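Remarks on the structure that follows.
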Amino acid sequence: MLNNFIPYSTQSIDNKDKEAVIEALFSTHLTQGQYVKSFESRIAEYIGMKYAISFNSATSALYASFKALKEYVLQEKYKDDETFKNSKNFEFAKQQKSMSIITTPISFVATTNMMLANDIMPIFADINMDGNLNINNLESLLREDTIAICSVDYAGNGVDMQAFRDFANKHNLLWISDSSHAFGATYDNKKVGSMADMSIFSFHAVKPLTTCEGGAMLSNNDFLAKIANIVCSHGIEKKSLYNHDCTMLGFNFRLNEVGASLGISQLNKLESFINKREEIATFYDSYFQDNPYCFNIKIKDNVRSTRHLYPLLLDQSLICQKESIANELGNKNIGVQVHYKPIYNFSLYQKLAKFPILRNAEDFYHAELSIPCHQNMTIEQARYIADTLIKTFATYSKK
Ligand SMILES: *Cc1c(COP(=O)(O)O)cnc(C)c1O
């Protein structure tokens, strides 16, 4: 029995982080200073994109990204872009002032809430049993007003970037990548997020690296980055020192200096964080490989997942008892969680439209259980967790 509760995920903070936080806390500026600038250039360089704009959360970054997308259409900026200049969908969306985005129901609700906040309708497509969108399900869902696809790299396992890029280009859509789980993941040796028109990362405490609360939007597109930047800070465009203009309705979504300094410090440890989670996950992979109670999700050889989550899919015989199992594991100091209830089931969404039920999304939600996997864990703890899970599953499978 473990003495301390092990959550499914948690932050990892050391003395270097503490020094970084104190340094920023006692610097001249607590906001809009050098730490934010240098954090942004570090993450832009790390992912390999031209612009990085930091935010006080990924939710804010998503809001600003969808707003930028909307302005791209309304201001006809697509006409400057060789790939998209003859897009019928952008034309239609602009004329009709109606916009939709094809996305996954297996995500944190912020992904689509921020579409709604911009008057953009989510259209949900079904997933594969690895939790990621099945790209073959997207085409039949395209509507005249569809302006983008929005993928999520579930658990830190990147989607096939080239396939999503090709699909978006073929259908004249922008591709927004909610890579909140996947900062540092790669697909075919390319950084996850680096091929989308806009990529969003979260620096919430449980995510691959943290600024306490925080997020970022990365892009190679001058216009999209500019709008996201303006929305982040009051809708104000600086012209000269005391002459500026408020050109749009903006907010204060800015990350502060202390968070940014922590982010820089955390970035230095990102590789070791990912390696540590990989070690735990690899242990689980072989442990759960062959048992009658649950399946694990294989990560393809060409993918490096951040292993933000370690999802198990319970066997049919255990699904009805998942809640009791989760409670019992909690009593044994093992924190588990379910990622995610399909978004269209939430009452906000039920009131909005009649969304079709998606088979895999439902099955995934019913079977999924995220078990502890984070950089503070030891293999001994992982072994205790795995042993306890199998014992608990065995007991429940007889009930
Ligand atoms: C965590 C998360 C968000 C929101 O991130 P915050 O930084 O907490 O706002 C958005 N999308 C996904 C997929 C997430 O996991």
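The values are calculated or read from the model by the stated rules, or taken from the named source; none is laboratory data. In this text the structure is predicted, and so the values were computed from the model without any measurement. Note that we place each Cβ from the backbone using ideal geometry, even for glycine, and neighbour counts take in every protein chain shown. Just the protein is used for accessible areas: all its heavy atoms, side chains included, with ligands, DNA and RNA removed. Shrake-Rupley method; radii C 1.70, N 1.55, O 1.52, S 1.80 Å.
Tell me the trypsin sites (Lys or Arg not before Pro) within the range 96-175 that lie in a loop according to DSSP and have at most 16 other beta-carbon atoms within 10 Å. Display every interim value, and only then the final one.
Working: sites: Lys97, Arg143, Arg165, Lys170; in loops: Lys97, Arg143.
Loop-located and lightly packed - Lys97, Arg143.
Rounded to the nearest 10 degrees, what's the angle between the helix 15-25 long axis and the longest principal axis of the chain, both from Cα atoms, 0 to 90?
In the chain, helix 15-25 runs at an angle near 30 degrees to the longest axis.
Which ³J(HN,Hα) values in Hz, rounded to whole numbers, follow from the phi angles of the range 193-205 under the Karplus curve 6.51 cos²θ - 1.76 cosθ + 1.60, where θ = phi - 60° and Gly and Pro get x?
With the stated coefficients, the range 193-205 comes to x, 6, 9, 8, 6, 9, 10, 10, 10, 10, 10, 4, 3 Hz.
Tell me which of Ser286, Asn220, Cys246 sits at the most positive position along the dipole axis of the range 218-317, charges placed on C-beta atoms (Lys, Arg +1; Asp, Glu -1).
Toward the positive end, the furthest listed residue is Cys246.
With θ set to phi - 60° and the Karplus curve 6.51 cos²θ - 1.76 cosθ + 1.60, what are the ³J(HN,Hα) couplings of the range 89-106 in order, to the nearest whole Hz, using x for Gly and Pro?
In residue order, the calculated couplings are 5, 5, 4, 4, 4, 5, 4, 8, 6, 9, 9, 9, 10, 7, 8, 9, x, 9 Hz.
Angle check, please: helix 257-267 long axis (alpha carbons) against the longest principal axis of the chain (alpha carbons), in degrees 0 to 90, nearest 10.
Taking Cα atoms only, the helix is inclined about 50 degrees.
Could you derive backbone 3J(HN,Hα) for the range 233-242 from the dihedral phi with the Karplus parameters 6.51, -1.76 and 1.60 (θ = phi - 60°), listing whole Hz in sequence and x where the residue is Gly or Pro?
9, 6, x, 9, 10, 7, 10, 9, 3, 10
Put +1 on the Cβ of every Lys and Arg and -1 on every Asp and Glu Cβ in the range 77-130; which of Phe90, Thr112, Met129 then has its Cα farthest towards the positive end of the dipole?
Phe90
Taking the Kirkwood radius as the inverse of the mean 1/r across Cα pairs, report the Rg/Rh of the range 153-283. The partial results should precede the final answer.
Details: Rg = 17.0 Å, Rh = 16.5 Å.
Rg/Rh for the range 153-283 comes to 1.03.
Considering only DSSP beta bridges where both residues belong to the range 117-230, give the percentage that are antiparallel (nearest 5). Display every interim value, and only then the final one.
Details: 7 of 15 bridges.
Counting only bridges with both partners in the range 117-230, antiparallel ones make up about 45 percent.
What size of dipole, in debye to the nearest 20, comes out for the range 88-207 about its Cα centre when the only charges are +1 on Lys and Arg C-beta atoms and -1 on Asp and Glu C-beta atoms? All intermediate terms of the calculation are to be shown ahead of the outcome.
On the way: 9 positive and 13 negative charges, 52 e Å.
Rounded to the nearest 20 debye, it is 260 debye.
Take the range 105-165, compute every pairwise Cα distance, and split them into 5 Å bins from 0; I just need the percent in each bin.
Per 5 Å bin, starting at zero, the Cα-Cα P(r) for the range 105-165 comes out as 4, 16, 29, 26, 19, 6, 0 percent.
Please give, to one decimal in nm, the separation of the simple spin-label points placed at Ser272 and Lys226, each 7 Å out from Cα toward the Cβ.
Distance between label points: 4.2 nm.
I need the fraction of alpha carbon pairs in the range 66-167 separated by more than 17 Å, rounded to a whole percent.
Working: 2724 of 5151 pairs.
Taking all Cα-Cα pairs of the range 66-167, the fraction more than 17 Å apart is 53 percent.
Would you mind checking which residues have amide H under 5 Å from Cys294's amide H? H placed 1.01 Å from N; only 5 or more apart, or other chain.
Asp315
Could you size up the charge dipole of the chain around its Cα centre, putting +1 on the beta carbon of Lys and Arg and -1 on that of Asp and Glu, and report it in debye to the nearest 20? Don't skip to the answer; put the middle values down first.
Values: 40 positive and 43 negative charges, 88 e Å.
The calculated dipole for the chain is roughly 420 debye.
For the pair Lys16/His244, report the inter-label distance in nm, with labels modelled 7 Å from Cα in the Cβ direction.
3.4
Mind giving me the nanometre distance, one decimal, between the label points for Glu279 and Glu76, set 7 Å out from Cα along Cα→Cβ?
Label at Glu279, label at Glu76, 5.9 nm between them.
Taking springs between alpha-carbon atoms closer than 10 angstrom, which of Asp17, Asp166, Asp130 fluctuates most in the Gaussian network model of the chain?
Of Asp17, Asp166, Asp130, the Gaussian network model singles out Asp166 as fluctuating most.
Show that you can apply the helix-only estimate: for the chain, add -39,500 (n - 2.57) for every DSSP H stretch of four or more residues, divide by all residues, and state [θ] at 222 nm to the nearest 500. Please report the intermediate quantities before stating the final value.
Details: 14 runs with 156 residues, N = 399.
Counting only the DSSP helices, I get -12000 deg cm²/dmol.
State log₁₀ I(q)/I(0) for the chain at q = 0.09 Å⁻¹ as given by the Debye formula over alpha-carbon point scatterers of equal weight, solvent excluded.
Once normalised to I(0) and log-transformed, intensities are -0.55.
Per residue, how large is the accessible surface of the chain? Use a 1.4 angstrom probe and give square angstrom.
Working: 17390 Å² over 399 residues.
Roughly 44 Å² per residue, with all protein chains present.
Report the chymotrypsin sites (Phe, Trp or Tyr not before Pro) located in the range 20-97 that are in a DSSP loop and have at most 12 other Cβ atoms inside 10 Å of their Cβ, or state none. Could the numbers behind the result be given before it?
Details: sites: Phe26, Tyr35, Phe39, Tyr46, Tyr51, Phe55, Tyr63, Phe66, Tyr72, Tyr78, Phe84, Phe90, Phe92; in loops: Phe26, Phe84.
Passing sites in the range 20-97 are Phe26.
Using only the alpha-carbon atoms, how far is helix 222-232 inclined from the longest principal axis of the chain? Give it as 0 to 90 degrees, nearest 10.
Once rounded, the angle reads 80 degrees.
Give me the number: length gained by fully extending Ile319 to Gln95, i.e. 0.36 nm times residue separation minus the C-alpha to C-alpha distance, one decimal in nm.
Values: separation 224, 0.36 × 224 = 80.64 nm, distance 4.75 nm.
That works out to 75.9 nm of additional length.
Normalised by the residues of the chain, what does the relative contact order come to in percent, with Cα pairs under 8 Å and at least six apart?
Details: 811 pairs, mean separation 93.0, N = 399.
Value for the chain: 23 percent.
Dipole size in debye (nearest 20) for the range 178-254 around its Cα centre, Lys and Arg Cβ +1, Asp and Glu Cβ -1? Can you show the working numbers first?
On the way: 7 positive and 7 negative charges, 36 e Å.
That gives a dipole near 180 debye.
Given H placed on each backbone N at 1.01 Å, which residues far from Thr146 in sequence or on other chains put an amide H within less than 5 Å of it?
Those lying under 5 Å, H to H, from Thr146 are Ser100.
Can you flag which of Lys85/Lys239; Lys77/Lys97; Lys67/Lys226; Lys67/Lys239; Lys300/Lys391; Lys37/Lys226 are past 20 Å Cα-Cα? Let's see the in-between values first.
Values: Lys85/Lys239 30 Å; Lys77/Lys97 15 Å; Lys67/Lys226 11 Å; Lys67/Lys239 22 Å; Lys300/Lys391 29 Å; Lys37/Lys226 15 Å.
Long pairs (Cα-Cα over 20 Å): Lys85/Lys239; Lys67/Lys239; Lys300/Lys391.
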